[in-house]
Amino acid sequence: TARLEPNGILVKIMILILAFSTNCSIVIPHYSDNIMSLPSALSIFKIQSIFVTMFWKYLTYQYGFNGAVRCFNCLIKYILDILHSANENRNIQHEQMMKKLVEETKNLLKNEN
C-alpha cells in the first residue's frame, strides 16, 4: 500500500473500472452456462471505456501528464501484483490439496494390503 497514492477518488474509480472488466477475475466461469451476447459485451466495454477516459482525465488534471503516467503505472502494477498473488495462493492451495489427496490415497492402499 505504500506504492499507492493516498487518494480515495483514484481507488474508487479504479474499482469501478475493474468491476466492468471481464478478464480480471480469478474465478473461472463455466462458459456454457454463462455466454454473454455481443451487444451486452460491447455495452460493458463502452462503460469501461468511459470510466477509463474519466480516470485518465482526472489523473492528468490532478498530476499533469508525466505524473498521471507514473500514477497510472503504479496502480496497474499494484493490481497486477494483487492478481498474481491471488493466483499464487490458489496454486499453493491446489498443490496442498493434491499432496493431501496423494498421501490419503497411499495410506488407504497400504491399509488395504
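The values are calculated or read from the model by the stated rules, or taken from the named source; none is laboratory data. None of the values given here were measured: they were computed from a predicted structure. Reconstructed Cβ throughout: ideal geometry from the backbone, glycine too, with neighbour counts over all protein chains shown.
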| said: I'd like to know if segment 83-90 contains one or more residues that are modelled with pLDDT of 80 or more and touching a helix residue (DSSP H, G or I) at 6+ places or on another chain (Cβ under 8 Å). | reply: no
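Can residue 104 be described as surrounded by fewer than 10 Cβ atoms within 10 Å (Cβ to Cβ) and charged (D, E, K, R)? Don't jump to the end; show me each part of the working.
Working: surrounded by fewer than 10 Cβ atoms within 10 Å (Cβ to Cβ): no; charged (D, E, K, R): yes.
Spelling it out, it is not the case that residue 104 is surrounded by fewer than 10 Cβ atoms within 10 Å (Cβ to Cβ) and charged (D, E, K, R).
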| request: Out of 3, 70, report the one residue that is of a type in the set (D, E, K, R), in contact with a helix residue (DSSP H, G or I) (Cβ under 8 Å, 6 or more places away or on another chain) and either farther than 26 Å from residue 87 by Cα or at pLDDT 90 or above (or both). | output: 70
